[in-house]
Amino acid sequence: MKSPLLSLPGAVPAEGVDEGVAAHYGDLFREQRALADGAGFVDLSHRGVVAVTGEDRLSWLHLLLTQHVSALPAGEATEALILSAHGHIEHALYLVDDGTTVWAHVEPGTQEALIAYLESMKFFYRVEVADRTDDFAVVHLPAGSIAEVPDGAVVRETAYGRDLFLPRADLEPYARKAGPAAGLLAYEALRVEHHRPRLGFETDHRTIPHELGWIGTAVHLQKGCYRGQETVARVQNLGKPPRRLVFLHLDGSDVHLPPHGTEIRVADEGEDGRKIGFVTTSVRHFELGPVALALVKRNVPADARLIAGETAAAQEVIVEP
């Protein structure tokens with residue numbers, strides 16, 4: 001779905017999974033600074049929007065999600081995962097309940113598979129699940145923003161800012177009031193700075209929540225049974241995850257950022273050394289320079305110097321070895 005905000009001056013379309021919104025509007029670092037200062041907004045209208053209604057919605061979702069939501073207060077934001085039977089991450093949901101409906105935004109293109117799973121688990125519960133992507137657009141306001149929130153808009157308020165669920169017809173009029181617009185690259189740079197994982201970037205087919213630091217923020221350890229809970233409990237109580245998320249400071253002299261999937265090796269072993277991980281997201285940050293998130297093997301020493309492709313990298317611990 002192509003955003004109408006791609007018609008704004010300077011808009012350069014994003015590519016890949018984020019196709020449909022702007023990567024930037026002509027000045028990446030200015031856009032980052034604006035968001036860091038609490039100004040502007042980010043068009044996230046390419047993300048999927050799922051709504052769950054019915055009087056059993058919270059108790060039902062509580063059985064399926066990794067998060068404790070059975071008594072989620074209206075207006076309180078949370079995030080949650082859906083795991084496979086083996087504990088691997090399949091979906092990430094960013095939720096808020098408005099008193100009658102649970103609203104969630106999810107990664108672009110994942111809403112159909114998510115809804116199919118939810119529909120298969122309805123049984124006799126009084127719930128209805130709907131894809132509202134065609135009707136509602138997600139807009140992000142950064143932390144500290146004083147931008148006006150339209151009357152009646154559903155809002156997810158977090159430490160990183162507010163996510164608004166706006167009727168798509170209101171997206172352009174709201175953009176004229178809430179500017180300046182910042183592109184997705186600016187949003188991603190701040191996401192990486194704050195060590196926040198993203199489904200499909202920091203995850204692959206075998207990722208478990210412990211590897212990304214999602215325990216606590218998206219996984220509640222004192223709740224009832226859900227699919228994949230056995231793996232979560234076993235790793236939490238008896239062991240360590242096989243990999244861990246790290247923050248990388250990349251050599252600033254390199255012209256090109258190592259893309260997603262770039263192999264990481266220990267610098268002392270050279271470019272022919274064993275692969276110990278891969279880059280998940282790399283960005284240029286307006287203050288930190290080129291930085292990245294990466295998944296590495298848990299037993300890689302925390303002080304080891306690394307190489308991402310041909311780029312030297314110093315690691316900063318996110319998930320403890």
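The values are calculated or read from the model by the stated rules, or taken from the named source; none is laboratory data. Since this is a predicted model, take the numbers as computed values, not measurements. Positions of Cβ are backbone-derived with ideal geometry, glycine not excepted, and every protein chain shown enters the neighbour counts. What goes into the accessible areas is simple: the full protein's heavy atoms, side chains included, and nothing from ligands, DNA or RNA. Shrake-Rupley method; radii C 1.70, N 1.55, O 1.52, S 1.80 Å.
Remarks
- Translational diffusion of region 1-138, µm² s⁻¹ [Kirkwood Rh, Cα pairs; Stokes-Einstein; 4 °C; 1.567 mPa s]: 79
- Report summary: the helix-based calculation at 222 nm, which adds -39500 (n - 2.57) for every DSSP H run with n ≥ 4 and divides by the residues of the chain, gives -5000 deg cm²/dmol.
- Under 5 Å, built H, 5+ apart or other chain: amide partners of Arg243: Arg298
- Given charges at Cβ of Lys, Arg, Asp, Glu: the chain dipole, positive-most of Pro301, Ser145, Ser120: Pro301
- Cα centre as origin, Lys/Arg/Asp/Glu Cβ charges: region 65-162 dipole, Debye: 240
- Computed over region 119-278, relative contact order equals 12 percent, with contacts defined as Cα pairs under 8 Å that lie 6+ residues apart.
- Working note: Karplus 6.51/-1.76/1.60 with θ = phi - 60° gives region 41-51 the couplings 8, 10, 7, 10, 6, 7, 6, x, 10, 10, 10 Hz, where Gly and Pro are set to x.
- Residue-normalised accessible area of the chain, expressed per residue, 1.4 Å probe, Å²: 45
- Fraction of accessible area attributable to carbon and sulfur, the chain (%, probe 1.4 Å): 51
- Cβ-placed point charges (K, R +1; D, E -1), dipole of region 77-225 about Cα centre in debye, nearest 20: 260
- From phi via Karplus (6.51, -1.76, 1.60), per-residue ³J(HN,Hα) for region 222-229 in Hz, x at Gly/Pro: 10, 9, x, 5, 8, 4, x, 4
- Sequence-ordered 3J(HN,Hα) estimates for region 181-197 from the Karplus curve with 6.51, -1.76 and 1.60 and θ = phi - 60° stand at 6, 10, x, 5, 5, 5, 4, 5, 4, 6, 4, 5, 4, 8, 6, 9, x Hz, glycine and proline given as x.
- Computed E for His68/Leu288 - FRET, C-beta separation, R0 35 angstrom, nearest 0.05: 0.55
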